[in-house]
Amino acid sequence: MCLEVPRNGVPHLAYVEPRPDDRDAHGNLWARMTRPSASERGRVIFDCMDPLRQRECMEGLLCQVCAKPAETDAGTLFVEWQRPAEQPRPLNRITTDAPPLCRTCLPLSLRHCPFLPREETVRVLLVRKSVLSGVSGTLYRVSDDLRHWIPSEKDTYSSFNKPRYPGMLAQRLYRKLRGVTVLDASNLPSALAPVP
């Protein structure tokens, strides 16, 4: 990592050897991941999400399990869960970092995802519209000698509606969910077939 001073004069975190896809359309620097080749990839690991896969699925509304389009004519499926002692969020106030799911992979995800420990805390949502809203990641501060970046805060959220943090290394992308309806996972509407 290095300190880069772009044309606007505001120093920010950068990679020593930058790549074209290091930054998103909002200028956020993304954590890099080394991915195995397609032939070396295996089964889905439900207890972790690779930042690049999460970003791709959130940007393209792709299913987090199979990476195929999750959007249908009826809307897009998302799963929301409550953490212990957390109140349910109003349906018009949900922002999520969990990518959508397709109808085919929803039961698989509900069965195997360790973040969904109790059925009563899980809500399956049909979302008519969702918009990218921000990123979260590790916030770094520059050392006094301007030679190093030092981690200062983890899991910091940066909204796309506000100036971005120049010292952030993004790891998750968020969407605001609008037009939300709670569904019964065991009785999904037939209109949730994939868009051709």
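Values computed for the structure shown
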| quantity | calculated |
| --- | --- |
| Filter pass, L101 being without any contact (Cβ under 8 Å) to a residue 40 or more places away in the chain, touching a helix residue (DSSP H, G or I) at 6+ places or on another chain (Cβ under 7 Å) and over 30 Å from E153 (Cα atoms) | yes |
| One residue from E86, E153, E71 being closer than 25 Å to D24 by Cα, among the acidic types (D, E) and surrounded by fewer than 16 Cβ atoms within 10 Å (Cβ to Cβ) | E153 |
| Qualifying residue in region 147-169 (condition: modelled with pLDDT of 90 or more, of a type in the set (A, V, I, L, M, F, W, C) and part of a loop (DSSP other than H, G, I, E, B)) | yes |
| Residue list for region 123-141, restricted to those being aliphatic (A, V, I, L, M) and crowded, with 18+ Cβ neighbours inside 10 Å | V124, L125, L126, V127, V135, L139 |
| Boolean, R128 is in a strand (DSSP E or B), in contact (Cβ under 8 Å) with a residue 24 or more places away in the chain, closer than 29 Å to S190 by Cβ and out of contact with any Pro (no Cβ under 9 Å at 6 or more places or on another chain) | yes |
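The values are calculated or read from the model by the stated rules, or taken from the named source; none is laboratory data. Computed from a prediction, not measured in an experiment: that's the story for all the values here. When we count neighbours, we look across all protein chains shown, and the Cβ atoms used for this are built from the backbone with ideal geometry, even at glycine.
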